[in-house]
1. Which of Ala68, Ala45, Ser23 sits farthest toward the positive end of the charge dipole of the range 1-128, with +1 on the Cβ of Lys and Arg and -1 on the Cβ of Asp and Glu?
2. Beyond 28 Å between alpha-carbons counts as too far, so tell me which of Lys134/Lys191; Lys30/Lys134; Lys30/Lys52; Lys70/Lys272; Lys70/Lys285 fall in that bin.
3. Could you sort 17-30, 111-124 so that the peptide with the highest average Cβ count within 10 Å comes first and the rest follow in order?
4. Between Glu48 and Gln26, what's the calculated FRET efficiency when r is the beta-carbon distance and R0 is 22 Å? Round to 0.05.
5. For the pair Glu71 and Glu12, how long in nm is the line joining their label points, each one 7 Å along Cα→Cβ?
6. Need one number: nm distance between label points at Ile33 and Gln89, each 7 Å from Cα along Cα→Cβ, rounded to one decimal.
7. Mind putting a number on the dipole of the chain about its Cα centre? Charges go on the C-beta only, +1 for Lys and Arg and -1 for Asp and Glu, and I need it in Debye to the nearest 20.
8. If you average the sequence gap of Cα pairs under 8 Å that are 6 or more apart and divide by the length of the chain, what percent do you get for the contact order?
Amino acid sequence: MNPDPHIALLVETARLYYIHQMSQQQIAGKIGISRPGVSRLLQQARDEGIVKIEIVDPASRGSHIEQALKEKFKLKNAIVVPADPHSVQETKKRLGQAAAVYLNGLVFDGCTMAVSWGTTMREVVNHLTPRPVKNMTVVQAVGGITHAEFDPHASEIAQRFGENFRAKSFFLLLPAIVDSRTVKEAMVSDKRIYETLNMLKRADIVVCSAGTFKPDSLLIQADYLSPAEVDILGRAGAVGDICCRMITEQGEICWPELDARTVAAEFSDLKKAPYSIAVAGGREKETVIRAGLAGGYFNVLITDDQIAECLLQ
């Protein structure tokens, strides 16, 4: 009986990658297809059981921490990666890799995914494995246009998520925070913007990070907050933001007037979503992650082991 040529190709590709440790680009040159094609073959080899990956934790430390987080904070899931004590960027990369693997197994035909922006979210999208999903929708969860030199790449991140899953993408081509309630009400009354914001209320999966409240935070770099507003937030007890909504240590809206001017998914949208996923790590984010848990804004947490241990103390 002749072997299936496609199965033989999957086996050969997997052998070159996992046993001979060739790069995807090297394999592409050897077998005569594109590098994304190699990536898809490797994913299919895993999906069909040709490749089985086993992670052995001698102390079972990671799984114990994850289970403890789930029990303490009543989470659907918790994923903990090792923190890099020397590089915040490397920790973000590990978080992005873990989140990308989790999302790849979570998405399903017909689902709606809402995604925020930020440097951690860029790492998530950088590590996604291309996978077509039928009738999937990706929605930008937070406005991102700014007149400052700093660009949060909000629409780019949403677009790349959509391209990865071959989903239809919808964007919020607006600032994350506008000058007044009146301006926001006028903007969101536009039919297309209203429909996009309504999609956030029906999201099956929300993926966001958490931002700190300090001079180099994204919202301040992007020139969304004036010095006077930063001062008001500081006196009101702001510890950071989730989807650009500033919160206190107790997980409450910090300044309702500012929240009313914010163009983003509502906290009620995050609470309603079957999967509301926070991807955040680094010691500086402990307080805002704890605040987000206190507010119940996510039911899946992807973080690093240093943060996890702090949360469990």
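Each reported figure results from applying straightforward, stated rules to the coordinates on display, with no laboratory input. It should be emphasised that the depicted structure is a prediction, and the values quoted were computed from it without experimental measurement. Cβ: placed from backbone, ideal geometry, glycine included. Neighbour counts: every protein chain shown.
1. After comparing all options, I get Ala68.
2. Lys30/Lys134
3. Details: 17-30: 14.1, 111-124: 24.7.
Taking the mean over residues of other Cβ atoms within 10 Å, the ranking is 111-124, 17-30.
4. Details: r = 23 Å, r/R0 = 1.04.
Here the calculated transfer efficiency is 0.45.
5. Those two pseudo-labels are separated by 5.1 nm.
6. Result for the modelled spin labels: 3.3 nm.
7. 820 debye
8. That works out to 19 percent.
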